[in-house]
Amino acid sequence: MSDNPKSSRGSSEHRGSGNIWFVLIVITIAVLVSAFLVSDNRKRLAYPALKSLLAQTAELHEAVHQQPSAPQNTAANDDTTSNDAQVSASSQTTTDTDGSAADQQDSQSETSAESSTSIVRRNGKPVARIIVPGEDGKVSYEFSNPSDIRVADDRITGKVDYRVLLGRPGDANVQPTRVDFLTIRGYPNDAIAADFIALLERSGVSWDNDRPSRFLENHWPELLMIGVLIALGIVMLRRMGGVGSPMSFSRSRGKLYSEDDLPTTFEDVAGIEEAVDEVREVVDFLRNSEKYQSLGGRIPKGVLLVGPPGTGKTLLARAIAGEAGVPFFSLSGSDFVEMFVGVGAARVRDMFTQATNRAPCIIFIDELDALGKSRSGTTVGGHDEREQTLNALLVEMDGFGSNSGVIVVAATNRPETLDPALLRPGRFDRHVLVDRPDVAGREQILSVHVKNVKLDESVDLRSIASITSGFVGADLANLVNEAALLAARNERPAVGMEEFNDAVERVTAGLEKKNRVMNEDEKIRVAYHESGHALVAAALPNTDPVHKVSIIPRGLAALGYMMQRPESERFLMTKSELESQMKVMLAGTLAEEMIFQDISTGAQNDLERCTETARGMVMDYGMSRLGRINLRRSTRSPFLNNGGMGEYQVVHSEEMAKMIDKEVSRIVDDMLVQTREILQQRREVLEAVTQRLLEVESIDSDELMRLIREHSAGPWLVPGTVNEKPKAKIVPRKSDDNVQSK
């Protein structure tokens, strides 16, 4: 099955960068706003220049009131001469009709004086003006016709006519613009203030006292810092409202995915066709609910996916969401569990509330066993957090008020630990087994994983699938990746069968340690040990064929190994097959005993597995002289290796325990006698295989059979191990609809 969806895009993104950008944007806006509030586009007019302009305006105002006919005389003189209308003896007069030489004179004289005042005529009226030179001496600024003056303690504002003079002949054509001006002055004493007020009264300009608010101007740095602190506080509150914060204890941690976020479909799932067919109806119900409702059917409230780790339960859930096209909430069973009682129950209620608001939708709970463990082990009246959370889940799935349109899909590899109330119909109506794939399924999974791998022409996926019995989808994905890495390490242009075989050995037996130094005695002992395993396995017809024998150390403790590969999928084991397995396990230590008259600690794992097989024959399978009875109850997980609550529950007396131990010892002793006889009859082959192993360190099945044929003196197979075949045969049918499973 494929673990690579078309898109790995998720619905939840990192919020840290978004928060940083939010803070930067807020700070930028605050700076711009404060700059806008504090900035002043009023024209600056120096206090001496303002007094000169007002003095000129006052003289003009007094002249106009003293000589009412002066404007007419001046207007008449404009047509004849340009410099004979003098308003006062102390002021310089010019005319400004349609671009006369007076303006040119003024602009040319700007560089010789700091400021100049004059009275000009605009629109038939005399106007007082002042020309202030610029800092560079090339540009001058004209201020005239002041009005609406507001006098404050330290500044004066108002309106004037303003224009820029560049000292060019075209300056006379530039029309003035009405603008606001600002004059800064120090806090004056009473005499200076009285003099300025008197000057304003003389000028006849409209004026008034002013007391402007300077709060923003004086306190904008403090306001800016307060705004930044408020923005940071908002960001911190948002972060505190995220996952894992104290503010979000009662909120669900489920991630919401849309249809675009889940591109995985049933086409991306391979090797588990039966499970896909089971959940396909759920998707069809979400799409075409009328077809089922018209016949009285109802949507399943829950689908429980059970199976070994790595078989693709989570991938199948993603495919359900991608095919259904409805909102999909994904979370783990551990997301509900907290140290505070009641938090998990609140999260369950919040999760179903969100899902109901978006119905129809799917809630996927991965590792359900973290949440739904059986309550049988708790004390009566217990109120621990897990029990409260489980109770809330039971009520939400099938309580007094049902959540219609919400389908719960859960996955676990420990269904035996779940509470019976959670597994009953009405909550999880359908249990789907996602089991280990068979040969055909493994071939399909391999074909999915090798799509992006450059393969050699010699690669046979069917052959690889046949030597990977027991592998799940995750194992096969790792196998393909290891083969590609080995090919790249060896500078190969493509991945071939050699890399796949090496990858299988690396996954099953561990990393090869060619550089480990062993003394000669130990190396010879390991060679005899592994040769004994291989010869007994090849001499018994009801054992798996030998694939490879090696004395190269692998993994943590293996100094050598003998690898067997089954020819087909096996689901049952007979008594003779179990006995043959025990003989193969004992062959290594017996070969050492025959050659060295001594045994080593290298057979520890062989003896452990052999003893456990014999004990299973006596206590579990009824394959002993004690009768066909079961003497212990298994509590181990059917999907986890070495999993369970104590693994076994003893259901026999102490007297029976003694009889069991004696029977186990008898079976092992019988296997030792028979195995020793097999090796003694094939001593020459044992020596030949051992010598070849010392020369090349590893041999495959073909070379092993060649050595057996060359050095075997009699019949190779052990007499009496070939059983008579049954007379009943399987008749192939045209249709597979009526195939019965055992």
Once amide H atoms are placed 1.01 Å from N in the peptide plane, what residues at a sequence separation of 5 or more from Gln564, or on another chain, have their amide H within under 5 Å of its amide H? His547
Put a dot 7 Å past each Cα toward the Cβ at Asn123 and Arg44; how far apart are the dots in nm? 3.1
Tell me which chymotrypsin sites (Phe, Trp or Tyr not before Pro) from the range 268-366 have a DSSP coil assignment and no more than 16 other beta carbons within 10 Å of their own. Phe340
Environment charge at Asp456 (Cβ cut-off 11 Å; Lys +1, Arg +1, Asp -1, Glu -1): -2
What base-10 log of the normalised intensity I(q)/I(0) is obtained for the range 491-583 from the Debye formula, alpha carbons as equal point scatterers, at q = 0.15, 0.23 Å⁻¹? -0.72, -1.21
Taking the number of other C-beta atoms within 10 Å as the exposure measure, put Val432, Val179, Val343, Val536 in order starting with the fewest. Val179, Val343, Val432, Val536
List the residues whose amide H sits under 5 Å from the amide H of Leu305, counting only those 5 or more places along or on another chain, with H placed 1.01 Å from N in the peptide plane. Ala410, Ala411, Thr412, Val432
Give the dimensionless ratio obtained when the Cα radius of gyration of the range 520-711 is divided by 2.2 N^0.38 Å. 1.11
Once you order the gyration tensor axes a ≥ b ≥ c over the Cα atoms, which shape class does the range 439-509 get: rounded for a/c under 1.5, otherwise prolate or oblate by comparing a/b with b/c? prolate
Relative to the present Cα-Cα distance, how much length would full extension add between Lys451 and Ala558 at 0.36 nm per residue of separation? 35.1 nm
Sum of side-chain charges, Ser374 neighbourhood, beta-carbon under 10 Å (Lys, Arg +1; Asp, Glu -1): -1
Quick one: net charge around Val546, please, counting Lys, Arg +1 and Asp, Glu -1 for every other residue with C-beta under 9 Å from its C-beta. 0
Fewest-first ordering of Trp220, Trp207 by Cβ atoms within 10 Å yields Trp220, Trp207
How large is ³J(HN,Hα), in whole Hz, for each residue of the range 124-130 in order, when computed from phi with the Karplus curve 6.51 cos²θ - 1.76 cosθ + 1.60 and θ = phi - 60°, using x for Gly and Pro? x, 10, x, 9, 7, 9, 9
If I take R0 = 56 Å and measure r between the Cβ atoms of Asp384 and Lys513 in this structure, what FRET efficiency does the formula 1/(1 + (r/R0)^6) give, to the nearest 0.05? 0.70
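Laboratory data are not the source of any read-out in this text; all were calculated from the coordinates shown. The shown structure was predicted, so the numbers you read here are calculated from the model rather than taken from an experiment. Methodologically, a virtual Cβ is constructed for each residue, glycine included, from the backbone with ideal geometry; neighbour enumeration extends over all protein chains shown.
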